[in-house]
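Q: My questions all concern the structure below.
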Amino acid sequence: MMLLSVRFGLSNRGHLVVHVGDHKFIKHECYRKKVRWTCSKRIQLGCRASITTHDSMIVRSFLEHNHGTPK
């Protein structure tokens, strides 16, 4: 099991984002207190990596990216 750094922050436009390791995830959909976050390269590169949070705790993750880490 590999431990990764997880940080919540704001994008340049003021939207909430999650940084997991060197990758950025953006909010995709919400249902009550659950939020599904997808890789910021989902549309551009078709990356399927995603995480699900409940009350800011990661409860599910798929962290296999189809691209390298951003520069």
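Q: Name the pairs whose Cβ atoms lie under 6 Å apart, with the first residue in region 46-67 and on the phi > 0 side of the Ramachandran plot, the second basic (K, R), and 6 or more positions between them or separate chains?
A: Close Cβ pairs satisfying both conditions: D55/K33.
Q: Further, regarding this structure: D22: acidic (D, E), at positive phi and at pLDDT below 95, yes or no?
A: When the stated conditions are applied, D22 does not pass them.
Q: Within region 20-55, take every residue that is more than 14 Å from G68 (Cα to Cα) and basic (K, R) and give me the one that is surrounded by the fewest Cβ atoms within 10 Å (Cβ to Cβ). Can you show your working first?
A: The initial filter retains those residues of region 20-55 that are more than 14 Å from G68 (Cα to Cα), namely 25-38, 43, 50-55.
Add one more test, that the residue is basic (K, R), and what stays is 27, 32-34, 36.
Working: K27: 15, R32: 6, K33: 10, K34: 13, R36: 15.
In this case the residue turns out to be R32.
Q: Give me the residue from region 1-53 that is part of a strand (DSSP E or B) and of a type in the set (K, R) and, out of that set, farthest from the chain's Cα centre (by Cα). Please lay out each step first, then the result.
A: Pass one, region 1-53, residues part of a strand (DSSP E or B): 6-10, 16-20, 23-31, 34-39, 50-53.
In the following step, the residues that additionally are of a type in the set (K, R) were identified as 7, 24, 27, 34, 36.
Details: R7: 10, K24: 5, K27: 7, K34: 13, R36: 8 Å.
Filtering first and then ranking leaves K34.
The values are calculated or read from the model by the stated rules, or taken from the named source; none is laboratory data. If you're wondering where the values come from, they're calculated on a predicted model, not measured in any experiment. Neighbour counts are summed over all protein chains in view; Cβ atoms, including those assigned to glycine, are modelled from backbone coordinates with ideal geometry.
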